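The values are calculated or read from the model by the stated rules, or taken from the named source; none is laboratory data. Nothing here was measured: the structure is a model prediction, and the numbers come from that model. Please note: Cβ atoms are built from the backbone with ideal geometry, for glycine as well, and neighbour counts cover all protein chains shown. Just the protein is used for accessible areas: all its heavy atoms, side chains included, with ligands, DNA and RNA removed. Shrake-Rupley method; radii C 1.70, N 1.55, O 1.52, S 1.80 Å.
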Amino acid sequence: LAEGQCYARITPDTEIIIAKEKPIHQEIRVFVVNDKIAVYSQYKLGGELNLSTIVDQYIIDYVNDVIKQINIEKAYCLDIAVTNGIPKILETNCINASGSYHVDVQKFIIAVEELN
C-alpha cells in the first residue's frame, strides 16, 4: 500500500444487517481455527453472566454449518445467541479482541500454533 493508505475490509459499500430486537436466552462464544471449532463456552444464560463449558449439541451443529458457509480468517471468534430455541450469529470478532470467558485457553493456543 502507498504511504497514508490503510487496509480495510469494511468499505462504504459493506452491507450491514439490522434486525428487530429479540429476547436472547443464551450466549455462546466459539473460537474457530482452520475452519474447525477449537474451543467454546457459554457466557450468558437468561441475560446473566453464567460461564460453562457445557453447550448443547444443536448449537455446535449450527456453528459447524456456519463455518462451512463463511470464510472470514484462519482464526476468528463467533458469538452465538439462542433466541426462542434457535441459534443465530450474534457477531464475529478477531481473536485478539475477544475475551476467553471460560474456554480452555491452552487448547485454543495449541490450535493457533498449528495454523497452516
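Structure values in brief
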| quantity | calculated |
| --- | --- |
| Filtered residues of the range 19-61 (kept if among the acidic types (Asp, Glu) and closer than 11 Å to Tyr101 by Cβ) | Glu27 |
| Residues within the range 34-53 that are part of a strand (DSSP E or B), open to solvent by 70 Å² or more (accessible area, probe 1.4 Å), over 16 Å from Lys88 (Cα atoms) and in contact (Cβ under 8 Å) with a residue 12 or more places away in the chain, tallied | 2 |
| Positions within the range 23-33 being part of a loop (DSSP other than H, G, I, E, B) and either surrounded by 13 or more Cβ atoms within 10 Å (Cβ to Cβ) or modelled with pLDDT of 95 or more (or both), in sequence order | Ile24, His25 |
| Residue check, Lys68 basic (Lys, Arg), out of contact with any Cys (no Cβ under 9 Å at 6 or more places or on another chain) and under 25 Å from Ile10 (Cβ atoms) | yes |
| Candidates Tyr101, Tyr62 - the one that is in a helix (DSSP H, G or I), within 14 Å of the chain's Cα centre (by Cα), buried (at least 17 other Cβ atoms within 10 Å of the Cβ) and hydroxyl-bearing (Ser, Thr, Tyr) | Tyr62 |
| Meets criteria (among the aliphatic types (A, V, I, L, M) and in contact with a Leu (Cβ under 7 Å, 6 or more places away or on another chain)) for Val39 | no |
| Hey, Asn96 open to solvent by 70 Å² or more (accessible area, probe 1.4 Å), at pLDDT below 95, of a type in the set (S, T, N, Q) and not in a helix (DSSP H, G or I) or not | no |
| Single residue of Lys107, Lys88, Lys74 found to be more than 19 Å from Gln42 (Cβ to Cβ) and basic (Lys, Arg) | Lys74 |
| The range 69-84, residues that are surrounded by fewer than 12 Cβ atoms within 10 Å (Cβ to Cβ) and modelled with pLDDT of 95 or more | none |
| Where a residue in the range 58-72 is farther than 12 Å from Lys88 by Cα and its partner, wherever it lies, is surrounded by fewer than 17 Cβ atoms within 10 Å (Cβ to Cβ) and not hydrophobic (A, V, I, L, M, F, W, C), with Cβ under 7 Å and at least six apart | Ile67/Asp35; Ile72/Thr92 |
